[in-house]
Amino acid sequence: MHKWHVYPEFDDASKAAADFIAGNIEKKLQENDICRVILPGGNTPAICLSYLSEKELPWDKVHWYLGDERCYPRGHAERNDVMLEKYLWSRISSTNVNSIPAELGAEEAAEVYREVINSVNSFDIAFLGLGEDGHTASLFPDNEALNDIRSVIPVYNSPKAPEDRVSLSFNTLRKSECRVVLTGGTAKADVISRIKMGEQLPINRLGDINWYVDEAALSETTL
């Protein structure tokens, strides 16, 4: 079941999401020696990640995984791991990063990353993004990749550049104990309304989600 947390401004939602993620990391590390976290790409999570980086946590015990990556050369400004390095990894004391080698091309990169992901029984937190079409990670509506049941999948013909990507599959994202989505702005209002109506968009196929949104994202719906 979706849980909705609504804030007046996106900055407020970002800070609350960072608090929630940090709290779940602390809780997991009271039970286990490692906390495994899936991270999103794009621009939306940057503020939240900055807040998260300010937390006093045992970062050496947190292992990071990417939900998806764009098939660009290493260091390309539009790669997800470049954004994550800028706003999170470069700001914390220790990092255990499992990047997707998307510079190898979608098929080979998915095969390599599959070996990493297949060694993990489950993830503790999946911090995910949301597109205006209801996609999450690189799982786009009506894309052939939606039917791929492998843990890590190549994605072709993406409606957003670049056309080739690598993504964790539905099967993998469903294995996360806690899923979090942060989004905001009037541009997301239509898709939020469709999500709340139960439309079978990719994001709605994952199961329970903790939503952190601003009021603008709910301008076409009511709680």
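The ranking of M197, M83, M1 by Cβ neighbour count inside 10 Å, starting from the fewest, reads M1, M197, M83. Where both bridge residues fall in the chain, DSSP classifies roughly 25% of the beta bridges as antiparallel.
Maximal additional length on extending the A22-H5 stretch stands at 4.5 nm, based on 0.36 nm per residue less the C-alpha distance.
Between the beta carbons of H76 and R205, assuming R0 = 30 Å, the FRET efficiency works out to 0.55 to the nearest 0.05.
With springs only between Cα atoms under 10 Å, which of G134, G67, G105 fluctuates most in a Gaussian network model of the chain? Per the Cα network of the chain with a 10 Å cutoff, G105 tops the list. For the range 170-182, backbone phi angles converted through the Karplus equation (6.51, -1.76, 1.60; θ = phi - 60°) give residue-by-residue couplings of 4, 4, 6, 5, 5, 7, 8, 5, 9, 10, 10, 10, 10 Hz, Gly and Pro being listed as x. Could you list log10 I(q)/I(0) for the range 176-217 at q = 0.23, 0.24 Å⁻¹, which the Debye formula gives when each Cα is one point scatterer? So the normalised log intensities work out to -0.80, -0.86. Listed from fewest to most Cβ neighbours within 10 Å, the set T172, T44 follows the order T44, T172. DSSP assigns beta bridges within the range 1-131; of those with both partners inside it, close to 0 percent run antiparallel.
R0 = 25 Å: FRET efficiency of E108 with N32, Cβ-based, nearest 0.05? With a Förster radius of 25 Å, E is 0.20. Our coupling estimate for the range 26-36, obtained by passing each phi through the Karplus curve with A = 6.51, B = -1.76, C = 1.60 and θ = phi - 60°, is 4, 4, 5, 6, 6, 9, 9, 7, 10, 10, 9 Hz, Gly and Pro reported as x. Rg and Dmax over the alpha-carbon atoms of the range 1-42 stand at 12.6, 37 Å. Computed with the Debye formula from one identical point scatterer per Cα of the chain, without solvent, the log10 of I(q)/I(0) at q = 0.10, 0.14 Å⁻¹ comes to -0.40, -0.83.
Any read-out appearing in this document is the output of simple, stated calculations on the displayed coordinates, not a laboratory observation. Everything numeric in this text was worked out from a predicted model, so none of it was measured. When we count neighbours, we look across all protein chains shown, and the Cβ atoms used for this are built from the backbone with ideal geometry, even at glycine.
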